[in-house]
Amino acid sequence: MAMVALRREGRRFLLSPMSPNPATAARSAILSEEFNPSGTRSISTQVVRNRMKSVKNIQKITKAMKMVAASKLRAVQIRTENSRGLWQPFTALLGDVPSVDVKKNVIVTITSDKGLCGGINSTSVKISKSLYKFTSGPEKETKYVILGEKGKVQMVRDSKNSIEMSITELQKNPLNYTQVSVLADDILKNVEYDALRIIFNKFHSVVSFIPTVSTILSPEVVERESESGGKLGNLDSYEIEGGETKAEVLQNLAEFQFSCVLFNAALENACSELGARMSAMDSSSRNAGEMLDRLTLTYNRTRQASITTELIEIISGASALTG
Amino acid sequence: MASAVAGSSAAVPFWRAAGMTYITYSNVCASLVRGCLKEPYKSEAATREKVHFAISKWANGKPEKPTIRSDSPEE
């Protein structure tokens, strides 16, 4: 945010037209590429020096943020890659059917709490909104459950009536399964659903994140789907311990699946957030560097010009005396 | 499957009767297993049990006061 303001400021600074006001005229004279002979002697380079200092400080901050994100990313990335093993068996058994058509949809949008991380939050929100349009219709109900401060802020603007719950401060401690499962439990107890759709940014590499939708069906819907020739026929070939009926097993599985998928989704999104922050901060530092170069050039040119003028004055004065 | 058919008339599992979901039940079990560890590993595993988040329900387009869930793995 600071960078954007600064960039705008810098542009305004460099392009500001000559105005009749002497103070601003002096300022633009320093920065304009053309050397302005009439005002040369009284030019102060203070303004440019201050600006250079502030740009340098901002560059330091963005560089530090990049380093922090990079070092955090490494740990989170390993955990994310390990957590993928949690949902894969579920998808193999129950399948992932994003196109299923049910009455009560709950969209779980995962975003970050902090900003300065590129466009990953708006991507999540955008996908959620289009999914909302896709799933809503007559006699249907779609609700949002939002994780993260940034998603909440964006959703409040135009779809605040469909928000069912919002969760923040999830990432105060490092993410762990216990935390996410308690959260999953809270969500399950408080919303009615036929299908839960979790939206998050899947981490692919430091620069690429794929917005992903994971669908979790309620046990009843799973059963109905399996009767109409779904994937679930396999479940009967498993030997299940304990005296539980198929419906109970399915309910347990659906609950456990939700918490596992949510855990992986939260981790993937945290990982993407760090990656996005890293590249955003990298480009900010580069922009600050470019701006610093431009400012240094104008500064030096002005300084050189005033030195030259002084020399010319001294020499011409001396030659006038001798001549 | 025979046992499953036999069990169909039986009551729901005790933990579900107590109002728990499978997630809560498995969390309680996991916490018990972590409690069985010996010391250097026990405190390390305990750090993976920390819970902290703020949850707020929405009614009529307005958030209600958030409730903060902190460090309570078992409800």
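Quick look at the numbers
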{"item": "Pairs, first at the interface with chain B (Cβ under 7 Å from one of its Cβ atoms) in the range A:151-177, second of a type in the set (Ser, Thr, Tyr), C-beta under 6 Å, six or more apart", "result": "A:163/A:144; A:166/B:56"}
{"item": "Cβ pairs under 6 Å, 6+ apart, first in the range B:39-56 and farther than 16 Å from residue A:181 by Cβ, second outside any helix (DSSP H, G or I) and polar (S, T, N, Q)", "result": "B:54/A:168; B:56/A:166"}
{"item": "Residue that is surrounded by the fewest Cβ atoms within 10 Å (Cβ to Cβ), among those in the range A:171-195 that are within 18 Å of residue B:58 (Cα to Cα) and among the aliphatic types (A, V, I, L, M)", "result": "A:191"}
{"item": "Some residue of the range B:23-36 being charged (D, E, K, R), farther than 23 Å from residue A:166 by Cα and either touching a helix residue (DSSP H, G or I) at 6+ places or on another chain (Cβ under 8 Å) or at pLDDT 85 or above (or both)", "result": "yes"}
{"item": "All positions within the range B:29-69 that are under 21 Å from residue A:258 (Cα atoms) and surrounded by fewer than 14 Cβ atoms within 10 Å (Cβ to Cβ)", "result": "B:29"}
{"item": "Residue match in the range A:138-155 (condition: out of contact with any strand residue (DSSP E or B) (no Cβ under 6 Å at 6 or more places or on another chain), closer than 30 Å to residue B:49 by Cα, open to solvent by less than 50 Å² (accessible area, probe 1.4 Å) and aliphatic (A, V, I, L, M))", "result": "no"}
{"item": "Test result for residue A:103, at pLDDT below 90 and within 14 Å of another protein chain (Cβ to nearest Cβ)", "result": "no"}
{"item": "Selected residue (criterion: nearest to the chain's Cα centre (by Cα)) from residues of the range A:259-301 that are open to solvent by 20 Å² or more (accessible area, probe 1.4 Å) and polar (S, T, N, Q)", "result": "A:279"}
{"item": "Selection from the range A:105-157 of residues that are touching a Ser or Thr at 6+ places or on another chain (Cβ under 6 Å) and over 18 Å from residue B:63 (Cα atoms)", "result": "A:105, A:120, A:121, A:124, A:128, A:132, A:135, A:136"}
{"item": "Options A:287, A:201, A:252: the member that is in contact with a strand residue (DSSP E or B) (Cβ under 8 Å, 6 or more places away or on another chain) and not acidic (Asp, Glu)", "result": "A:201"}
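The values are calculated or read from the model by the stated rules, or taken from the named source; none is laboratory data. None of these values were measured; they are calculated from a predicted model. Neighbour counts run over all protein chains shown; Cβ positions are idealised from the backbone, glycine included. We work out accessible area using only protein heavy atoms, side chains counted, and drop any ligands, DNA or RNA first. Shrake-Rupley method; radii C 1.70, N 1.55, O 1.52, S 1.80 Å.
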